[in-house]
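The values are calculated or read from the model by the stated rules, or taken from the named source; none is laboratory data. Note that the structure is predicted; figures quoted are calculated from it, not measured. Heads up, the Cβs are rebuilt from the backbone with ideal geometry, glycines too, and the neighbour counts pull from every protein chain shown.
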Amino acid sequence: MKILVVNAGSSSLKYQLFDMDTNAAIAKGNCERIGIDGVVTHKCPGKPDYKTEAAFPDHRAAIECVLKLLTDKELGVIGSVDEISAVGHRFAHGGEKLRASAALGADEIKYLESIVGLNPLHGPPAISGFKACKEVMPNINHVGVFDTSYYSDMEEKAYIYPIPYELYEDYRIRRYGFHGTSHRYVAAKAAELLGNKNAKIVTCHLGNGSSITATVNGKAIDTSMGFTPQDGVPMGTRSGAIDPTVVTYIQKVKNVGAEEADAILNKKSGLLGVSGVSSDCRDVSEAAENGNARAKLALDILVHNIKKIIGSYVAEMNGVDALVFTAGIGENDRELRAAVCKDMSWLGIEMDENVNATCPRGEIADVSAKGAKVKTYVIPTNEEYMIALDTLNLTK
Ligand code: ADP
């Protein structure tokens, strides 16, 4: 069975086609600059990579271009569009009602449209991407997979903010959590490696956007991102958690409105804001190695905050069986992983620095020291596969 996974953004449409008999992606690519000038990349294992300019004014033209490539005699991997059994769509936000992956019918779309205010950047393009795919492939199942749904079982004490309760009742202001599909995937892998589906696991998804999640018995009990993906650890350009009064104080002293204050904390903070060098962890690390004190400070702040959140989750769970690193920084930055795990032996977290320094990239690695009470793993994330799997399960 072939499942197409679609991740539609405001100016891009990423896709992967999975063969669920072999659990492998047989084609993937990205239509970029939708509505501008259009570039498409398309990759299939065993074939040369393909990249070309292609005008797509909207998501519909982009998905038509994808289907043409997938069925192309030379570049394609399927004989006809009919071989696609279902489409899985990534949504960053499923609100409070879409508590699990679901077949997308009129009610689900109406609900998603009603919550775009909670998710103004990702919501509208994801809905538009779905509608385009539905128009082009009307007779197959379309499934929505929501980053927030992994957090649906969190207790009220973990998601209600200590602000006037009416703000929750009237505006649904609460912790939602994000990156749930990634945390769900790597936490399940860790539980499998431990041979314990009831395990207590802390997963660190560290990329351009970063979040940390605590999972017990396969369910998330807490997570560092909140009402928006701005909360938690510092990120490429986002501050992560800060004293909320800083926002109103910035507005006063800089005489700026809410939008500009928001842009400072969302686009000019984090690694970029502190280092003044870059939002990319590799550039910041290189600058730190070359003696740039602010770049070193930016990384120290990141490590400090990751440790703080891990510690708080161990306290919440009354222990931890595994610590997992994933995403761009978590999978690749060996120094950062070592810095996070340093001086954590009291919690039972001890790393084999040699294994950590030499484990192959792109593969699962157990980087814990021999005999460590807590397992430390590097697990490459695969959100697209998780979306394909949910889509398969809701289509069978
Ligand atoms: P996104 O959140 O956009 O999906 P990624 O998960 O791809 O981001 O992570 C991007 C981050 O990963 C960047 O800060 C980048 O510097 C970092 N990264 C990627 N490769 C490496 C590497 N080899 N060493 C250190 N950091 C890396």
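The table that follows gives values for the structure above.
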item: Residue in region 301-335 that is farthest from the ligand (Cβ to nearest atom), counting only those that are part of a helix (DSSP H, G or I) and among the acidic types (Asp, Glu); result: 316
item: Residues (touching a helix residue (DSSP H, G or I) at 6+ places or on another chain (Cβ under 7 Å) and more than 16 Å from the ligand (Cβ to nearest atom)) located in region 287-300; result: 294, 297
item: Test: residue in region 128-139 that is at positive phi and either buried (at least 16 other Cβ atoms within 10 Å of the Cβ) or under 18 Å from the mean Cα position of the chain (by Cα) (or both); result: no
item: Options 186, 233, 246: the member that is part of a helix (DSSP H, G or I) and farther than 24 Å from residue 388 by Cα; result: 246
item: Residues being of a type in the set (Val, Ile, Thr) and within 17 Å of residue 75 (Cα to Cα) - total across region 1-51; result: 4
item: Evaluation of residue 110 against (1) basic (Lys, Arg); (2) exposed (fewer than 14 other Cβ atoms within 10 Å of the Cβ); (3) under 23 Å from residue 43 (Cα atoms) (one fails), failing number; result: (3)
item: Identity of the residue in region 247-279, touching a residue at least 12 places away in the same chain (Cβ under 8 Å) and small (Gly, Ala, Ser), that ends up surrounded by the fewest Cβ atoms within 10 Å (Cβ to Cβ); result: 276
item: Residues satisfying the stated conditions in region 121-176, i.e. assigned to a helix (DSSP H, G or I), out of contact with any Lys or Arg (no Cβ under 6 Å at 6 or more places or on another chain) and of a type in the set (S, T, N, Q); result: 128
item: Within region 80-120, tally of residues that are over 23 Å from residue 225 (Cβ atoms) and outside any helix (DSSP H, G or I); result: 8
item: Close pairs (8 angstrom Cβ cut-off, 6 or more residues apart or separate chains): more than 9 Å from residue 206 (Cβ to Cβ) in region 328-349, among the hydroxyl-bearing types (Ser, Thr, Tyr) and within 16 Å of the ligand (Cβ to nearest atom) anywhere; result: 335/285
item: Scan of region 336-372 for residues that are within 16 Å of the ligand (Cβ to nearest atom), surrounded by fewer than 15 Cβ atoms within 10 Å (Cβ to Cβ) and either at pLDDT below 95 or of a type outside the set (Ser, Thr, Tyr) (or both), ordered by number; result: 357, 360, 361, 362, 363
item: Extreme residue, nearest to the ligand (Cβ to nearest atom), among residues of region 212-246 that are surrounded by 16 or more Cβ atoms within 10 Å (Cβ to Cβ), among the aliphatic types (A, V, I, L, M) and more than 16 Å from the chain's Cα centre (by Cα); result: 241
item: Members of region 21-56 found to be part of a loop (DSSP other than H, G, I, E, B) and closer than 26 Å to residue 93 by Cβ, listed by number; result: 33, 34, 35, 36, 56
item: Where residue 155 falls short, out of the listed (1) closer than 21 Å to residue 382 by Cα; (2) acidic (Asp, Glu); (3) in contact (Cβ under 8 Å) with a residue 24 or more places away in the chain; result: (1)
item: Selected residue (only one of 284, 277 is under 22 Å from the mean Cα position of the chain (by Cα), within 16 Å of the ligand (Cβ to nearest atom) and among the aliphatic types (A, V, I, L, M)); result: 284
item: Matching residues in region 140-157 - criterion: being among the charged types (D, E, K, R) and buried (at least 22 other Cβ atoms within 10 Å of the Cβ); result: 147
item: Unique match (being assigned to a helix (DSSP H, G or I), buried (at least 21 other Cβ atoms within 10 Å of the Cβ) and at pLDDT 95 or above) among 298, 288; result: 298
item: Odd one out for residue 256 among (1) within 14 Å of the ligand (Cβ to nearest atom); (2) assigned to a loop (DSSP other than H, G, I, E, B); (3) farther than 22 Å from residue 171 by Cβ; result: (1)
item: Whichever residue in region 264-274 is assigned to a helix (DSSP H, G or I) and within 21 Å of the chain's Cα centre (by Cα) and, among such residues, is nearest to the ligand (Cβ to nearest atom); result: 271
